[in-house]
1. Anything in the range B:75-116 that is within 12 Å of another protein chain (Cβ to nearest Cβ), more than 16 Å from DNA strand D (Cβ to nearest atom) and assigned to a loop (DSSP other than H, G, I, E, B)? List them, or say none.
2. Specify which of the listed residues (B:Asp114, B:Asp106, B:Asp94) is over 19 Å from A:Gly98 (Cα atoms), modelled with pLDDT under 95 and not assigned by TED's automatic domain parsing to the domain that holds B:Ile61.
3. Return yes or no: is B:Ile72 within 14 Å of another protein chain (Cβ to nearest Cβ), surrounded by fewer than 18 Cβ atoms within 10 Å (Cβ to Cβ) and in a strand (DSSP E or B)?
4. Taking the range B:1-55 as the search range and keeping residues that are of a type in the set (A, V, I, L, M, F, W, C) and exposed (fewer than 11 other Cβ atoms within 10 Å of the Cβ), which one is modelled with the lowest pLDDT?
5. What do you reckon, is A:Leu119 closer than 23 Å to B:Val79 by Cβ and within 13 Å of another protein chain (Cβ to nearest Cβ)?
6. Can you pull out the residues in the range A:85-113 that are crowded, with 19+ Cβ neighbours inside 10 Å, farther than 24 Å from B:Ala107 by Cβ and either over 14 Å from the mean Cα position of the chain (by Cα) or small (Gly, Ala, Ser) (or both)?
7. For the range B:103-113, indicate whether the set of residues that are in contact (Cβ under 8 Å) with a residue 24 or more places away in the chain, closer than 24 Å to B:Phe28 by Cβ and away from DNA strand C (no atom under 16 Å from the Cβ) is non-empty.
There are 2 protein chains.
Amino acid sequence: MTDHERLSGFLQDHGIQPSAQRVAIARFVLHTDRHPTADEVLAEVRRDFPMVSRATVYNTIRLFMEKGLLRIHQLEGGVAVCDANTARHHHFIDEDTGEIVDVPWDAVDVGRLDELAGLSVDSWMVVMRGRRRREPPSRD
Amino acid sequence: MTDHERLSGFLQDHGIQPSAQRVAIARFVLHTDRHPTADEVLAEVRRDFPMVSRATVYNTIRLFMEKGLLRIHQLEGGVAVCDANTARHHHFIDEDTGEIVDVPWDAVDVGRLDELAGLSVDSWMVVMRGRRRREPPSRD
DNA sequence: TTCCAGTTTTAGACATATTCTAAAATCAAA
DNA sequence: TTTGATTTTAGAATATGTCTAAAACTGGAA
Ligand SMILES: [Mn+2]
Ligand SMILES: [Mn+2]
Ligand SMILES: [Zn+2]
Ligand SMILES: [Zn+2]
């Protein structure tokens, strides 16, 4: 079974009529741990599929979001980014590079959100800022 | 002492040359617990000062930010909002109204940010989403 | 006071991100 | 094959924010 066939079936399983454009976009945006902007998706998809239009990329990203295949965040800079990680998690933003890094849900403790008077909290996320740290050399 | 004189001195104390426009913008944006967008600031300031320009509002908001009088957040919807609360705090977004509500720093526990491998966290904020809850009637 | 150099404001152009429109292309089903 | 619905497309439109260069203003020096 080809990669295209597998992705095609995956889209169908989620109620999305597959098309060549949608499969090409899915291949890039649903299998990355980066957080690409629509323009980055467009540029990447055009490498293999040069005639794809900007409108299709925006339409398809929104469709994938509506079908629950990705999330869209506005974390900074007036640009929306796609997030293929649909499980709950937190985000770290490298202030030098702008890179957005996923932080596992269980790696951070958040408490007492149920005690906020007058606010019914349905979901939450910790947004951290800082710099990536060089790992200290491991002495195995 | 008039309100204008007080604000004027406040701006001077922070290294900002006061002008009629800057005082009018400061009056609205530095004394609110809402989180207005630049366009909301423009509309509000124009009620008293109809000839103020959009460029001046953007320039002044940025100047106030550079001088530490407010912060700017990108919380959702591709619009930047002004935050006159410069102390550390968290944010709750009402998903029905879009309203942004400040949550005191000490009302939420956040832990283990220092244990994230490879990430040096300088600052963080919890972004919560949900609905405002009607207060239950207090039986005093 | 008047003058002047620096600062501030302004309208509008420009830039960027996203959505909308309406026609063309494609597709699925009969 | 026909056909009606869906999808894609180029480009226009909209939304948010920045830049430019000229005009207006300001605070001291003369
Ligand atoms: Mn804040
Ligand atoms: Mn935008
Ligand atoms: Zn993520
Ligand atoms: Zn706030």
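The values are calculated or read from the model by the stated rules, or taken from the named source; none is laboratory data. These numbers come from a predicted model, not from an experiment. Neighbour counts run over all protein chains shown; Cβ positions are idealised from the backbone, glycine included.
1. Within the range B:75-116, B:Glu95, B:Asp96, B:Val108, B:Arg112, B:Leu116 qualify.
2. Details: B:Asp106 fails: modelled with pLDDT under 95; B:Asp94 fails: modelled with pLDDT under 95.
Answer to the selection: B:Asp114.
3. Numbers: within 14 Å of another protein chain (Cβ to nearest Cβ): yes; surrounded by fewer than 18 Cβ atoms within 10 Å (Cβ to Cβ): yes; in a strand (DSSP E or B): yes.
Yes; evaluated as a whole, the condition is true for this residue.
4. Step one: filter the range B:1-55 for residues of a type in the set (A, V, I, L, M, F, W, C), giving B:1, B:7, B:10-11, B:16, B:20, B:23-26, B:28-30, B:38, B:41-43, B:45, B:49, B:51-52, B:55.
Checking which are exposed (fewer than 11 other Cβ atoms within 10 Å of the Cβ) leaves us with B:1, B:51, B:55.
Details: B:Met1: 74, B:Met51: 91, B:Ala55: 98.
Within the range B:1-55, the match that is modelled with the lowest pLDDT is B:Met1.
5. Details: closer than 23 Å to B:Val79 by Cβ: yes; within 13 Å of another protein chain (Cβ to nearest Cβ): yes.
Yes, satisfied.
6. none
7. Of the residues in the range B:103-113, the ones in contact (Cβ under 8 Å) with a residue 24 or more places away in the chain are B:103.
From the residues that got through so far, the ones that are closer than 24 Å to B:Phe28 by Cβ too are B:103.
Restricting the remaining residues to those that are away from DNA strand C (no atom under 16 Å from the Cβ) gives B:103.
Yes, some residue in the range B:103-113 is in contact (Cβ under 8 Å) with a residue 24 or more places away in the chain, closer than 24 Å to B:Phe28 by Cβ and away from DNA strand C (no atom under 16 Å from the Cβ).
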